[in-house]
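Down below is the structure, laid out as structure tokens.
Bear in mind that the values in this text are calculations on the coordinates, not laboratory data. Everything numeric in this text was worked out from a predicted model, so none of it was measured. When we count neighbours, we look across all protein chains shown, and the Cβ atoms used for this are built from the backbone with ideal geometry, even at glycine.
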Amino acid sequence: MQSALHLIYPSQCISCRDLVEGDNALCGKCWRDTPFISGLTCDKCGTPLPGEETGEHILCDDCMIVARPWKRGRAALLYQGNGRKMILAFKHGDRLDLAHPAGQWLARVAAPLIDENTLVAPVPLHWMRLMKRRYNQSALLASSLAKAADQSVCLDLLTRTKRTRSLDGMGREARFAMLADSIKVNQKRRHRLVGRNVLLVDDVMTSGATLAACTEACLTAGAANVNTVTLARVAKDA
């Protein structure tokens, strides 16, 4: 039956729609054009660093300057080129099918941050923005990652208690100020994080202000530890 369906509906590249051999895959060209992060990376945000992987916990310039409340962080892609194109299609173009392969990429890079006590949770959207967009892309990513990594997930662990305007175009200090006291742990779900390691999932990290606000909320509510993983990292040379 599956073979017959592939004859009628052949698999297409998730980016350019050219024919590929398997479902949820990139063609060769799009794979080469997608800036996957590998090798030596910052242990706090996942941005790629020059040099060879040694197993040491190295930080990028930004993470040596800005205090990150989470323990470790990773990112699957750089927010540029074909990576940026796919994320914008996923976030604003209703390309919900991209959540499945993205979850696989996230599970791969997040593997060192996951243990048997990990609870996966997405960065929340304010309910008014959720109504307008109709879905929380970070929640879709968290669900897909949790399934790929066989971990428990709590999609409403965190809530946004106040609506903030878009952070696009804002500087680092303005972003942090805007998000102050805007994210809380859902008290109906607090029991799920007490004493556990939480893995926060978001689509893109720029300044880290949103992830910092989420981390502080989790730690205040009793989480043992917080790590982060994002689909993409905005790097200075991006």
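Here are a few things to note about the model shown:
- Verdict on Lys85 being within 16 Å of the chain's Cα centre (by Cα) and assigned to a loop (DSSP other than H, G, I, E, B): no
- Complete set of residues in the range 109-123 that are more than 12 Å from the chain's Cα centre (by Cα), of a type outside the set (Asp, Glu) and either in a loop (DSSP other than H, G, I, E, B) or closer than 15 Å to Arg74 by Cβ (or both): Ala111, Pro112, Leu113, Ile114, Asn117, Thr118
- Residues (outside any helix (DSSP H, G or I), under 26 Å from Arg17 (Cβ atoms), over 16 Å from the mean Cα position of the chain (by Cα) and of a type outside the set (S, T, N, Q)) located in the range 28-56: none
Every residue, every condition in (1) surrounded by fewer than 16 Cβ atoms within 10 Å (Cβ to Cβ); (2) free of Cβ contacts under 8 Å to residues at least 60 places away in the same chain; (3) hydrophobic (A, V, I, L, M, F, W, C); (4) under 25 Å from His57 (Cα atoms), yes or no:
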position: Ile114; (1), (2), (3), (4): no, no, yes, yes
position: Asn117; (1), (2), (3), (4): yes, no, no, yes
position: Arg134; (1), (2), (3), (4): yes, yes, no, no
position: Gln137; (1), (2), (3), (4): no, no, no, no
position: Lys162; (1), (2), (3), (4): yes, yes, no, no
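- Boolean, Arg17 is exposed (fewer than 14 other Cβ atoms within 10 Å of the Cβ), over 14 Å from Met205 (Cα atoms) and among the basic types (Lys, Arg): yes
- Residues (over 25 Å from Thr215 (Cα atoms) and buried (at least 22 other Cβ atoms within 10 Å of the Cβ)) located in the range 67-112: Gly83, Met86, Leu98
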